[in-house]
Structures are given as C-alpha cells and as structure tokens.
Amino acid sequence: MDAVNASHVAAVNQSDVSSVFTEQALPWLYLLICAAGAPLNGAAAWIFFRVPSDSALVLYLKNMVVADLLMLATFPLRAALRLGVGGWRLRVLMCRYTSVLFYSSMYVGILFMGLISLERYVKIARLTWAGFLRKVGVARLLALLAWGLLALCALPNAALTSRPADEETSRHCMRLKSPLGVQWHRVSTFFSVGLFWLTLLLLAFCYASIARRIFRSYRRVERDCGHVRRKSNRGIFCILAVFFVCFVPYHVCRVPYTLSQMPASAFGRTSRFLLFQAKEATLFLSAVNVCLDPLIYFLMCHKFRESLLAKLSRGGGMPSLATAQSLSNI
C-alpha cells in the first residue's frame, strides 16, 4: 500500500508541475514572444521586401523572414490550446496542421542559416571554384529545394494524421495517426534532426574557417584588417548563439522524446513525463529564435542596416541620416 500511495503522490505531483509549467506558464510565454516577434519580423519584412534580391545573402535572409512569420502565426493557437480555449477540436487542428507548420518553419529557418554560413564562407575564403554558390539563380534554386524538402516531410505528416478524432483520442497526437503515419512521423523526425546536426556541423566548419582566415590576415596586416575581424566575430557570435541557445537543447531531447511516444515504448511513466517537460521547455527556446533572427539580419546584412537606420533617421528624435549611415558601418 505504501508503494501504491507513493506512486499516486508522485503522479499527482507530476500533474501539478505539468499544469503549472505547461498549462499556465508556457501559454503566456508564447504570447509574450509573439507580441515581441510580430513587430520585429513585420518590420524586417517591410524593409527586406523593398530591398532587391541581388545577392544570395539577401535572398536567404528574406526566406528566413518568411519562415519566422509562419512560425509566429502558430503561437496564438499553441497558447490558446494550453489555456483550454477551443476544446478538443482545437487540439485536433493543432496535431494535424499547426504543429506541422511550426516544425516545418523552424527547420526551413535552420536550413537557411546553414546556406548563409556557406555563402559567407565562399565569399570570405574566396573559393573561386565554388563561386557559383553565390549566384542569385543558384540561391533561388537552393531556396526552392529547402522549402520543397521540408514540404515533402511535412505534408504526409498532416495527411496521415487522419484517424477519427474525439475528446479522448485528441489528447495525444500519435493516436490520431494511422499506422503509416506513425512510421512516417518517426522517419521524418530522425530526418529533421539529422538535418539540424548536419547544418550545425556545416555552420561550425564555415565560421571556424572564416575566423581562422581573418585572424591570420589580422596578424599580417593588423591595421587594415582589424575592422573586418570585428565584423566577422560579431556575425560568428550572433549565428552560433542562436543555434546553441535556441536549437541545440531541443534537439538533444527530441529523439528520446519521440521514441517514448511510440507504441510499445520501453520508457516508463516518469521518464515519459520528464521527457515531455524537457521537450516543451526546449521547444519554447527554439521558438525564441523569431525574436533573435532580426538581430542576425541587422548584423549580417549591410543593406538591411542601412535601410533600417535611414528610415529611423527620418523619424522624430532619431539621429540624422549621416549619423545613421556612419553607425551602419560600425
């Protein structure tokens, strides 16, 4: 009886923690980053889509803005679901469509960060044999491939979440999936996680190579290269910070969490509960990237900086245009 009581108390405590964190804290946190991210990304889109796509970097950054806006659109529904608004039908909508859009947008953004890193590496390392990667036409093709690749993974996840839904089955998304849908979910999860780690390795290689090259140049010609080195370090810190703070924690726990949700899983109740809490917390960190990406645009794209600072200079109480332009070169 003591063991049964202890188990009951543990279950109650877990339920209490879950209700406080996932049902009360997270909804308001999602609404908070939605309120912060919407104007930031709206302003970024307003500026970017007045800038011509005359370089691969600008094209990739524009696609990142689109991915962030799509992700932002899912935040109110995620918050509403946690707050108990909409009932089980909203849960079904979340499982079939909203979550698919959320994850697809996140991984598209990750892929474009990898493409940006590769483009910067080719430019700074002056790899003439890989110069075609910086052409706008090639960049458009790679952008289409990135969106198409993620759509190929995402659309079956939505289509195969097709089992009849009711109050009980809607509590767990996996119960709404057909047997083929369960297997597709497993495969697409491993594929997406694999894309992330490959992108992270590419990003680390590119920026480590850039930093080493600029450091060597700085040692040879300190006075001439000091400014370039500061700008490179600034970009390195920004991209790597977003990856390690926002994305790495989630991807460390996503695979074990997905395995714990599969039928006949070997994970116990406590393990599944802890993995769920870790997944929700780290997933929120991944969502925070929509507030950090505008910083990447500002630090890595001089056209974005100049356009933003020039527009701010025309507002009341802002620096003069000459001052704004000088600031954009810092």
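The values are calculated or read from the model by the stated rules, or taken from the named source; none is laboratory data. The structure displayed is predicted, hence computed values, not measured ones. Using ideal geometry, Cβ is built from the backbone for each residue, glycine included, and neighbour counts are taken over all protein chains shown.
Taking every residue in segment 148-168 that is on the phi < 0 side of the Ramachandran plot and of a type in the set (A, V, I, L, M, F, W, C) and pairing it with any residue that is assigned to a loop (DSSP other than H, G, I, E, B) and surrounded by fewer than 18 Cβ atoms within 10 Å (Cβ to Cβ), at least 6 positions away or on another chain, the pairs with Cβ-Cβ distances below 9 Å are L160/S178. Of V290, V255, all but one fail to be closer than 28 Å to I116 by Cα, of a type in the set (V, I, T) and surrounded by fewer than 20 Cβ atoms within 10 Å (Cβ to Cβ); the exception is V255. For A130, are the conditions met, namely being of a type outside the set (D, E, K, R), over 30 Å from R171 (Cα atoms) and touching a residue at least 24 places away in the same chain (Cβ under 8 Å)? Criteria not met by A130. Taking segment 278-287 as the range and being within 12 Å of the chain's Cα centre (by Cα) and buried (at least 17 other Cβ atoms within 10 Å of the Cβ) as the test, the residues that pass are T282, L283, F284, S286, A287.
Here L203 meets the list (1) more than 16 Å from V100 (Cα to Cα); (2) more than 19 Å from the chain's Cα centre (by Cα) almost entirely, failing just condition (2). For segment 48-79, give me each residue that is assigned to a helix (DSSP H, G or I), under 14 Å from M300 (Cβ atoms) and of a type in the set (V, I, T). The answer is V58, V65.
For (1) surrounded by 21 or more Cβ atoms within 10 Å (Cβ to Cβ); (2) in contact (Cβ under 8 Å) with a residue 40 or more places away in the chain, each residue gets a yes or a no:
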site	(1), (2)
N41	yes, yes
R50	no, yes
D54	no, yes
Y60	yes, yes
V65	yes, yes
L69	no, no
A80	no, yes
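Scan segment 160-189 for residues that are exposed (fewer than 14 other Cβ atoms within 10 Å of the Cβ) and of a type in the set (A, V, I, L, M, F, W, C) and the total you get is 2.
Is it the case, given these coordinates, that K123 is within 29 Å of A241 (Cα to Cα) and without any contact (Cβ under 8 Å) to a residue 12 or more places away in the chain? Steps first, answer last, please.
Details: within 29 Å of A241 (Cα to Cα): yes; without any contact (Cβ under 8 Å) to a residue 12 or more places away in the chain: yes.
Yes: the conditions hold for K123.
Only one entry in A159, A143, A165 is out of contact with any helix residue (DSSP H, G or I) (no Cβ under 6 Å at 6 or more places or on another chain) and of a type outside the set (F, W, Y), namely A159. Exactly one residue out of V228, V242 is modelled with pLDDT of 85 or more, among the β-branched types (V, I, T) and in a helix (DSSP H, G or I): that is V242.
With the structure loaded, tell me whether A143 is within 27 Å of V255 (Cα to Cα) and modelled with pLDDT of 85 or more or whether it fails that test. In short, yes. Looking at the structure I just gave you, is F267 more than 16 Å from V108 (Cα to Cα) and either in a loop (DSSP other than H, G, I, E, B) or hydroxyl-bearing (S, T, Y) (or both)? Yes; evaluated as a whole, the condition is true for this residue. Being hydrophobic (A, V, I, L, M, F, W, C) and modelled with pLDDT under 85 is the requirement here; does A278 meet it? No, not satisfied. Is one or more of the residues making up segment 91-104 out of contact with any helix residue (DSSP H, G or I) (no Cβ under 8 Å at 6 or more places or on another chain) and either modelled with pLDDT under 90 or more than 28 Å from V288 (Cβ to Cβ) (or both)? Scanning segment 91-104, I find no residue that is out of contact with any helix residue (DSSP H, G or I) (no Cβ under 8 Å at 6 or more places or on another chain) and either modelled with pLDDT under 90 or more than 28 Å from V288 (Cβ to Cβ) (or both), so the answer is no.
Using the structure shown, decide if R120 is buried (at least 18 other Cβ atoms within 10 Å of the Cβ) and closer than 25 Å to Y207 by Cβ. So R120 passes the test.
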